[in-house]
Amino acid sequence: MSIRIVPVEQLAERQAASLDITPLLLPQPATLYQQRAARLQQLAAGHVMADYLQLASRIAQAQHQLVHSQPVRLPARADYFRQCAEHGLPPLGAMAWQRDGQWQQLLHALCQQLSDAASPAVQQVLAQLMSAPAEQQERAAQSLLSGDLAVVDSAQAPFIWAALSVYFSQLASQLKIAAVAEPGDARHLCPVCASAPVASIVHQGNEAGLRYLHCSLCESEWHLVRAKCSNCEATRDIGYWSLQDQHAAVRGESCGDCGSYLKILSLDKDQQAEAVADDLASLALDAALEEQGFARSGLNPLLFPG
């Protein structure tokens, strides 16, 4: 991969050849879900999708509570992580990582937390998930992680993914790794877990003006230069779309070469913008881009096809 994960002790050897850009930002699950919940609640006010955005906010708040009440510890697998670094593989590759039953405990706890305040329809979905055999839950998770979304009930998928995200984001936050940028066009998937991005974000602060892709699963972020397709990395025919004006905080970035698009959020235009929340609240922009013939290249963890 063009962003290569390396052990921390090897970073000094490679830094001399790298630019002064942090290639990888590991997640901070202790705060990110609460920030997402607050942003979703803010965006729900007066929104045509208010009910769903409020449900999404409750999911994010439940994720926040689970991070603190049911912490996930990274297993000691030094040999495994060393092999991943040697071969340029994502250390938490979603398909290769051997998940334990804790993610299912998180799913059950998530459903319990949400059930009391949920509508009858959502309560039914949560009850089905809690009563499903462990093997069925595992098959659904494996299908989602492999991209086989059609075989999983779209009503159940956001809750399954929410539990998986709490699981993987905590694992990612504890990795003792570093990342270096290497030549090559292979940045369309997360270098930590190999999942698709939900959106890209133009940062402020220490990374001011830099664009990072935000992972839909482990919540890591990785650097990609601007004005380049986040799917195929072409630069020839990049377009920007907005329902407001060219200076909007949320825009669609399209590629004429591969026919894909992904949202891009600019924190200098809205400091409170959040990848998952603002992507979900701007589905009208998705519809407009799809009318133009573009296909979405990313995945929003709170809304699955179906």
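Of the set (1) touching a residue at least 24 places away in the same chain (Cβ under 8 Å); (2) surrounded by fewer than 22 Cβ atoms within 10 Å (Cβ to Cβ); (3) not small (Gly, Ala, Ser); (4) not in a helix (DSSP H, G or I), all apply to Arg82 but (4). Here is a list: Tyr52, Tyr33. Which entry is under 26 Å from His203 (Cβ atoms), at pLDDT 95 or above, in the same structural domain as Ala157 (by the TED database) and aromatic (Phe, Trp, Tyr)? Testing whether each residue is under 26 Å from His203 (Cβ atoms), at pLDDT 95 or above, in the same structural domain as Ala157 (by the TED database) and aromatic (Phe, Trp, Tyr) leaves just Tyr33. So, of the residues in segment 170-219 that are among the acidic types (Asp, Glu) and surrounded by fewer than 23 Cβ atoms within 10 Å (Cβ to Cβ), which turns out to be farthest from Ala275 (Cα to Cα)? Out of the qualifying residues, it is Glu182. Residues in segment 85-106 that are open to solvent by less than 80 Å² (accessible area, probe 1.4 Å) and of a type in the set (D, E, K, R) were compared, and the one that is nearest to the chain's Cα centre (by Cα) is Arg99.
Here Leu43 passes the criteria (1) open to solvent by less than 60 Å² (accessible area, probe 1.4 Å); (2) farther than 18 Å from Leu302 by Cβ; (3) modelled with pLDDT of 90 or more except the one numbered (2). A Cβ distance below 8 Å, combined with a sequence gap of six or more or placement on separate chains, defines the contacts here; from segment 230-243, residues that are over 21 Å from Asp278 (Cα atoms) reach residues that are among the polar types (S, T, N, Q) and surrounded by 17 or more Cβ atoms within 10 Å (Cβ to Cβ) in the pairs Cys232/Ser260; Ile238/Ser254.
When you check Asp257 against the structure, is it touching a residue at least 24 places away in the same chain (Cβ under 8 Å), over 21 Å from the mean Cα position of the chain (by Cα) and surrounded by fewer than 24 Cβ atoms within 10 Å (Cβ to Cβ), yes or no? The answer is yes for Asp257. Give segment 143-163 a look and list any residue that's polar (S, T, N, Q), surrounded by 15 or more Cβ atoms within 10 Å (Cβ to Cβ) and more than 18 Å from Gln63 (Cα to Cα), or say none. Answer for segment 143-163, where residues must be polar (S, T, N, Q), surrounded by 15 or more Cβ atoms within 10 Å (Cβ to Cβ) and more than 18 Å from Gln63 (Cα to Cα): just Ser143. The sole residue among Leu280, Leu267 that is among the aliphatic types (A, V, I, L, M), farther than 16 Å from Gln54 by Cα and touching a residue at least 12 places away in the same chain (Cβ under 8 Å) is Leu267. Is there a residue being surrounded by 13 or more Cβ atoms within 10 Å (Cβ to Cβ), of a type in the set (Ser, Thr, Tyr) and part of a helix (DSSP H, G or I) anywhere in segment 20-31? Looking for residues that are surrounded by 13 or more Cβ atoms within 10 Å (Cβ to Cβ), of a type in the set (Ser, Thr, Tyr) and part of a helix (DSSP H, G or I), one finds none in segment 20-31, hence no. Do we find a residue being within 19 Å of Pro71 (Cα to Cα) and open to solvent by 70 Å² or more (accessible area, probe 1.4 Å) anywhere in segment 125-136? Looking through segment 125-136, none of the residues is within 19 Å of Pro71 (Cα to Cα) and open to solvent by 70 Å² or more (accessible area, probe 1.4 Å). Quick check: is even one residue across segment 231-245 at pLDDT below 95 and open to solvent by less than 10 Å² (accessible area, probe 1.4 Å)? No, segment 231-245 contains no residue that is at pLDDT below 95 and open to solvent by less than 10 Å² (accessible area, probe 1.4 Å).
The values are calculated or read from the model by the stated rules, or taken from the named source; none is laboratory data. Here the structure is a predicted model, which means the values were calculated and not measured. No Cβ is skipped: glycine too gets one built from the backbone with ideal geometry, and neighbour counts run over all protein chains shown. Keep in mind that these areas ignore ligands, DNA and RNA; they rest on the heavy atoms of the full protein, side chains included. Shrake-Rupley method; radii C 1.70, N 1.55, O 1.52, S 1.80 Å.
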